[in-house]
């Protein structure tokens, strides 16, 4: 091992340690890039139809998003808050509901002792843990605001930031880096557009289905199902637990089965028909890769890592395909040397 190899290995170790220490800064930066790409997609669509400068187009898009968000919040937020209050009132009476359910179902008689062991204190501890999580999420408001500010700055002048990144690469590879960055932007923008439309359709269909089944807290359950669509594999399964529990405790076991069938139909339609069709022209993620990425980043970085796992995998997949496969492996000859 010569001195150059040793120095390069030490440099990689130092860079890895620095990246780990700055992981939250890098996570905020990547989240800002994701938001910037989402805004840039809307800006490009607007500028194709109307000849506007980038700052003016950004101002119009921001105002439109604010108005649409305000209307949606004014229409849905009161009912969501009311249903959230109803859900919080359900927690103290949960042991009694479960005991009544066990008495109605003879097959669950053996589980009666387990249900009786569910005390109000344990449920309150669980609720306290949930409130602690909510408090931690509330403390992330500053990070979200910083992420939004960075996204706006990136959207206002993307070319300058792109030139800065390209300048950090060797001269002979700069044109290739420019092409890779453009492909990453297209893949990430396509993924965001497809997942947003998919989440909206899941929200509407779940809401309509639960209303038709006369399931309480239909809007709250539909909102949760729509938001967790952005966390594929794990999210839809976790989101199904809320309407199933509400149907079981407030209506009947038969209604819970109906809700389960509804969610299975919607989940399979979204996973095997809607999402592949929406993402067929942009990115194709293997379910195993998506799940492993979510588990790893969820363990390392918590909820923010879980939410940003798939956008990161989308970018890394493009970089791996273009750099590792095309630029390295495809040019490697039988003797282990790069072809000139």
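Throughout, read-outs are computed from the coordinates displayed, never taken from laboratory work. For clarity, every value in this text was computed on a predicted model and none was experimentally measured. Methodologically, a virtual Cβ is constructed for each residue, glycine included, from the backbone with ideal geometry; neighbour enumeration extends over all protein chains shown.
Give me 40, 330 ranked fewest to most by other Cβ atoms within 10 Å of their Cβ, as a rough exposure proxy.
Ordered from fewest to most neighbouring Cβ atoms within 10 Å, 40, 330 come out as 330, 40.
Relative to its Kirkwood radius, the Cα radius of gyration of segment 178-324 gives an Rg/Rh of 1.04. Taking N as the residue count of segment 42-83, its C-alpha radius of gyration divided by 2.2 N^0.38 Å amounts to 1.59. The Rg/Rh ratio of segment 214-292, with both radii computed over alpha carbons and Rh defined as the Kirkwood radius, is 1.04. Each 5 Å bin, from zero up to the one with the longest distance, holds this percent of the alpha carbon pairs of segment 155-233: 3, 14, 16, 13, 10, 8, 10, 8, 7, 5, 4, 2, 1.
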